[in-house]
Amino acid sequence: MVSVLALVVSLLNLYLQRRDRRPRLRIRARYEYRAGLREPGSPAGSPAPQVHDESQEGLYLRLGDFLREHGVEYPRGSAIVRFAISNEGERVAYLDAVRLVFRAGGPLGRRMVLDPIQKRVLSPNLARDAANVAGSAASEGLPVELVPGDGVGYKFSLTRLANTLEREGHTGNVRLSLEATDRLGNAYRRPFRVNTDLWAYHEDPDGGPEPR
């Protein structure tokens, strides 16, 4: 019994040591709509009015009152999903890739990658660096460095994502994930949804992903 207990304690200590050495990243997400117009009388350079919610359904329900309040006709502004990746551990993290991934046909379907820049859906083998939106440095083989307490942000046009999914035959309330992979091979994911019935539109009022 003593030997077994000692083995359990040793394995537990080994697990805790490895966990402490593993970077701890947190990914937060929210949905926003920016009117694209400043409030009358607001100083130059002030941000445009916006509304945000933790879910796309909540954002869409609040959108009508928001647009009427600011006198904006839909879709004059930009509906986006925004992500914040923060390093909440004690070790420096290095991100090799940030991608938008999903399962075609449901949870057990084929893994696919959405490329928001080229507006296409690819298999992981074909996507490679083409769908890596971590940043210009990552595309050149240089990881994105996140020191403890630091973070990086990404935003994507819901219209662009919805149009791309619909054109590729993926309709409805599609479940995707923002997947960040670090240099050690750890993958961090934040699921979110894009409803093509809500956001697909014949124009793309916003561009691809941009640093926050």
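In sequence order, the range 24-32 has phi-based couplings of 10, 10, 10, 10, 10, 9, 7, 9, 9 Hz under the Karplus curve 6.51 cos²θ - 1.76 cosθ + 1.60, θ = phi - 60°, and Gly or Pro positions carry x. Placing a pseudo-label 7 Å from each Cα along the Cα-to-Cβ vector at residue 82 and residue 184 gives an inter-label distance of 3.0 nm. With a cap of 11 neighbouring Cβ atoms within 10 Å, and only residues DSSP puts in a loop, list the trypsin sites (Lys or Arg not before Pro) found in the range 57-114. Answer by residue number: there is no such site. In order along the range 142-156, phi translates into HN-Hα couplings of 9, x, 7, 8, 10, 7, x, x, 9, x, 9, x, 9, 9, 9 Hz, rounded to whole numbers, per the Karplus curve 6.51 cos²θ - 1.76 cosθ + 1.60 with θ = phi - 60° and x for Gly and Pro.
Here the spin labels are modelled as points 7 Å beyond Cα on the Cα-Cβ line, and at residue 29 and residue 68 they lie 3.0 nm apart. Restricting the calculation to Cα atoms, the range 25-211 yields a radius of gyration followed by a Dmax of 17.1, 53 Å. Simple point charges give the picture: +1 on the Cβ of Lys and Arg, -1 on the Cβ of Asp and Glu, and for the range 87-131 a dipole about the Cα centre of about 360 debye.
The numbers here are math on the coordinates, done by the rules we state, and not lab data. Just so we're clear, the structure is a prediction, and the values are computed from it rather than from any experiment. Positions of Cβ are backbone-derived with ideal geometry, glycine not excepted, and every protein chain shown enters the neighbour counts.
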